[in-house]
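The values are calculated or read from the model by the stated rules, or taken from the named source; none is laboratory data. All figures in this text were calculated on a predicted structure; none of them were measured in a lab. Heads up, the Cβs are rebuilt from the backbone with ideal geometry, glycines too, and the neighbour counts pull from every protein chain shown.
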Amino acid sequence: MDFEEYRAHDATGLAKLVADRQVSAAELLAVARERAAAVNPRVNAIVRDVPAVPTDDLEGPFAGVPFLIKDLAQDYGGLPTSAGSRAWKFTPAAEHATVVQRWVDAGLVVFGKTNTPEFGAKGITEPVAWGPARNPWNTEHTPGGSSGGSAAAVAAGVVPCAGANDGGGSIRIPAACCGLVGLKPGRGLTPSGPAHGEPMHGAAVQGVVSRTVRDTAGMLDVLRGGEPGGPYVPGIPETPFSSCVGQDPGRLRIGVRVPSAITPAPHPEAAAAVEATVRALTDLGHHVEELPRAPFDDAVLAKDFLLTWFVHVAHEVAEAKRRTGARDDSFERDTLIMAALGRATGGVDYVDAVERRHEHTRRLTTFFESYDLLLTPTLATPPPRIGQFDLPVALQRGADVLIRTRTATLLRHTRIVDDMVDQNLGWVPYTQLANVTGRPAISLPLHQTADGLPLGVQFVAPLAGESLLIRLASQLERAVPWSDRFAPI
């Protein structure tokens, strides 16, 4: 099999070729590795090799399909999970993460781990540990984050889908940047063990980025369900998610919101992405209505999300220091700043932010009494350029002094906090809602900018709405096909 034939198939299609003995798993892996060797020096998507020797007796729905896992919260036993950090770069994981084991049991051939920002703490993928991942549509731009390496690898044709996870948009943001499908499952539907029970109080979940809706649905079938050490026994639909592909979603009521409190005037391309989607939805017979205001307090939600995120980063830094002996110089400046802000957060303030999640959830639930789905842009701007969010030199020097003198908590009173808010959420103000409320959401590649960069749109569903999202996504995939659009790299 040559690369053009390989790229023409999604994971479901490749698995069928293997099952029909038209191609072997070894042949597919050889094509994937050859493609990786050709493009990875330019996109820096894969940061670690995983030894893989596929056999002819692989079993499972994706038997023989080459696959990549994210180098964050997707442990591969015996190999390090760096989490994008120099502190963890050489510490091997004791065992497979549950999601990795399920992928292996599904017959996938894992041969590499993908680039991610330090601790997944940014919507871009530019770690000091590995260097920046780049967007195959234009390598001067980011593939997004934190699953940026996975998205870059899929968009570059190395694999048809790849492991990802999402604590604030980390599946949907890179999917939107790279022209892919990115479904964030609802809270508790996919496992996080055995090393973790409920990361970020359930805001972070596991999934994939892919080129097709049927691959996303099939992978959710592989991952869905709890585990003995997990916090939930999740409700599982009676029928597989893959059976929803091609099913009529019915006539849906969809509320649309483009402005946000953080970004009142999104880029015209973000508005254009939603406008084009509204036209497609209307042509399909859905009722689409513009909302005069957000169905939740998006300004408060953003602050609550960032407060809990900074505390989470403080925990990650402390845990890495405790377990590896790392010192401050093993972490990035921005990470140390976020950790300092997290440590400066009082316990009562932290619990207040967590408890307000219930208020955000109630408001969104009230919205879903009148609407089936919420439609927003996934990104407020086209994918930013590499290095666009680097701190100015003067702020870098000031921050370094405060970090060295252990007075970094004073950063709360400087412009640097506002700058970090802008760079973390200013271009991605829409995705945190689904994480905070635990609702499923999907980004679909329904738009390209005048410069040829992808720009996705997001649908948020009510609790247990994954099947509905898959049905609508499949309908849109047929009406506005995207899987035959390939990055020019």
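Points worth noting:
- Among residues of the range 72-83 that are more than 19 Å from G148 (Cα to Cα), those with a Cβ under 6 angstrom from a residue that is of a type in the set (G, A, S) and surrounded by fewer than 24 Cβ atoms within 10 Å (Cβ to Cβ), sequence gap 6+ or separate chain, pair up as G77/A93.
- For the range 433-454, the set of residues classified as buried (at least 24 other Cβ atoms within 10 Å of the Cβ) and either polar (S, T, N, Q) or in contact with an Asp or Glu (Cβ under 9 Å, 6 or more places away or on another chain) (or both) consists of L433, A434, N435, V436, T437, P440, A441, I442, S443, L444, H447, listed by residue number.
- Taking first residues from the range 475-487 that are part of a loop (DSSP other than H, G, I, E, B) and partners that are surrounded by 12 or more Cβ atoms within 10 Å (Cβ to Cβ) and hydroxyl-bearing (S, T, Y), the Cβ contacts under 9 Å between residues at least 6 apart in sequence or on separate chains come to V480/T277; W482/T212; S483/T212.
- I46 meets each of the listed conditions (1) in contact with a helix residue (DSSP H, G or I) (Cβ under 7 Å, 6 or more places away or on another chain); (2) exposed (fewer than 15 other Cβ atoms within 10 Å of the Cβ) apart from (2).
- Matching residues in the range 262-278 - criterion: being modelled with pLDDT under 95 and surrounded by 15 or more Cβ atoms within 10 Å (Cβ to Cβ): I262, T263
- Figure legend. Inter-residue proximity from the range 220-236: first residues within 20 Å of I442 (Cβ to Cβ), second residues aromatic (F, W, Y) and assigned to a loop (DSSP other than H, G, I, E, B), beta-carbon distance below 6 Å, spacing 6+ or different chains. No pairs are indicated.
- The one condition in (1) surrounded by fewer than 17 Cβ atoms within 10 Å (Cβ to Cβ); (2) at pLDDT 95 or above; (3) aliphatic (A, V, I, L, M) that L281 fails to fulfil: (1)
- Those residues of the range 455-489 which are hydrophobic (A, V, I, L, M, F, W, C), at negative phi and surrounded by fewer than 19 Cβ atoms within 10 Å (Cβ to Cβ), in sequence order: L463, A479, V480, F486, I489
- Selection from the range 274-303 of residues that are in contact with a helix residue (DSSP H, G or I) (Cβ under 9 Å, 6 or more places away or on another chain), part of a helix (DSSP H, G or I) and hydrophobic (A, V, I, L, M, F, W, C): A280, L281, V300, L301, A302
- Looking across the range 304-351 at every residue that is in a helix (DSSP H, G or I), free of Cβ contacts under 8 Å to residues at least 40 places away in the same chain and of a type outside the set (A, V, I, L, M, F, W, C), the one that is farthest from E126 (Cα to Cα) is identified as G347.
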